[in-house]
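S.K.: Just dropping this structure here.
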């Protein structure tokens with residue numbers, strides 16, 4: 001059994017990145033592996049990753065007192081055999097064949 005951590009970053013629910021990782025996660029689980037998934041892009045105001053002091057751009061930031069990343073995600077990452085990073089691809093060149101000469 002392999003311990004796999006999947007980190008996603010897209011805020012688009014049911015977008016292409018999420019569909020890709022949903023199928024990957026399904027397959028890796030069916031193969032008998034342990035999977036932990038954290039959808040960072042889906043976190044909203046109720047679960048911010050950081051606090052911007054006084055909500056002023058450019059100010060220092062602090063981590064929330066009960067931060068999920070520190071308490072749960074980081075220990076899973078340190079224990080993982082495989083880490084999968086999933087990010088959106090917004091500006092893809094449709095004529096990729098032009099670059100494959």
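S.K.: Closer than 20 Å to residue 83 by Cβ, surrounded by 11 or more Cβ atoms within 10 Å (Cβ to Cβ), under 16 Å from the mean Cα position of the chain (by Cα) and modelled with pLDDT under 95: is that true of residue 15 in this structure?
M.R.: Considered against the rule, which asks whether it is closer than 20 Å to residue 83 by Cβ, surrounded by 11 or more Cβ atoms within 10 Å (Cβ to Cβ), under 16 Å from the mean Cα position of the chain (by Cα) and modelled with pLDDT under 95, residue 15 comes out as no.
S.K.: Moving on. Being under 13 Å from the mean Cα position of the chain (by Cα) and either in a loop (DSSP other than H, G, I, E, B) or in contact (Cβ under 8 Å) with a residue 40 or more places away in the chain (or both) is the filter here, so list the residues in region 19-31 that pass it.
M.R.: Passing the criteria: 20, 21.
The values are calculated or read from the model by the stated rules, or taken from the named source; none is laboratory data. Since we're looking at a predicted model, the values are computed, not measured. Here Cβ is always computed from backbone atoms with ideal geometry, including for glycine, and neighbour counts include all displayed protein chains.
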